[in-house]
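Written out below as structure tokens is the structure these notes cover.
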Amino acid sequence: MRKKRIMVVGPRKSGKTTLVNALNDYKGPLRRTQDVIYGEKTIDVPSSYIENARMYKYIIAMSQDASHLILLIDQSNCQNIYPPGFAKPFKCPVIGVITKSDLQPENESLCYKQFEQIGVKKPYFKISSPDCNSIEELKQHLFNKERKGEHYEVYNRKET
């Protein structure tokens, strides 16, 4: 059985790599690449895949190896990058995450509206790299096997 990972998709400069590093507990320098990176717990999808409609089929195919799909919207640059209904074809749970939530607070409602248009259901998470608690809250949501009566495994942990 393949290891299920959390897939992270978002526009350029939206904080994908920062979030992926936090989810993988990686403390090293940021590395930018045009390739899909399979981390220990994540699948980091380059922004070029979401910026080109021809690449959507590859995002959908990669999601077969995902326990969750995180779609990012950058609150500091709230552009409509996702087409309406983008989240509908995915079989795994889709989570909406607003990055850089400490910047441009007036854009928060626009971010929520975008999530509704692309088909992402609540709860939405707001994270900011200076605020470690917001990222920890997202990690708790992702890595808890049981919450509110739901039973599923986020990724295959090695039991010790």
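The values are calculated or read from the model by the stated rules, or taken from the named source; none is laboratory data. Source: prediction; values computed, not measured. Note that each Cβ is placed from the backbone with ideal geometry, even for glycine, and that neighbours are counted across all protein chains shown.
Can you name every residue in the stretch 96-123 that is part of a strand (DSSP E or B) and in contact with a helix residue (DSSP H, G or I) (Cβ under 6 Å, 6 or more places away or on another chain)? First the steps, then the outcome.
First, the residues of the stretch 96-123 that are part of a strand (DSSP E or B): 96-99.
G96, I98, listed by residue number.
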(request) Could you list all residues from the stretch 66-89 that are within 14 Å of the chain's Cα centre (by Cα) and of a type in the set (D, E, K, R)? (result) D74
(message) If the requirement is being crowded, with 20+ Cβ neighbours inside 10 Å and modelled with pLDDT under 90, which of these qualifies: G28, G15, G10, G96?
(response) G15
(request) Select from the stretch 24-55 the residues that are of a type in the set (A, V, I, L, M) and closer than 23 Å to C78 by Cβ and write down the one among them that is nearest to the chain's Cα centre (by Cα). (result) V45
(request) Return only the number of the condition from (1) surrounded by 15 or more Cβ atoms within 10 Å (Cβ to Cβ); (2) closer than 18 Å to I135 by Cβ that P46 does not satisfy. (result) (2)
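Residues that are of a type in the set (S, T, N, Q) and surrounded by 15 or more Cβ atoms within 10 Å (Cβ to Cβ): does the stretch 79-87 have at least one? Walk me through it before giving the result.
Within the stretch 79-87, the first condition is being of a type in the set (S, T, N, Q), and the residues that meet it are 79-80.
With surrounded by 15 or more Cβ atoms within 10 Å (Cβ to Cβ) added as a condition, the list becomes none.
The answer is no, given that none of the residues of the stretch 79-87 is of a type in the set (S, T, N, Q) and surrounded by 15 or more Cβ atoms within 10 Å (Cβ to Cβ).
Please verify whether K91 is more than 20 Å from I37 (Cα to Cα), of a type in the set (D, E, K, R), in contact with a Ser or Thr (Cβ under 8 Å, 6 or more places away or on another chain) and loosely packed, with under 15 Cβ neighbours inside 10 Å, treating the condition exactly as stated.
yes
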(message) Cβ contacts < 7 Å: first residue modelled with pLDDT of 95 or more, restricted to the stretch 62-77; second residue of a type in the set (G, A, S) and in a helix (DSSP H, G or I), any location; separation 6+ or different chain. Result?
(response) L69/S63
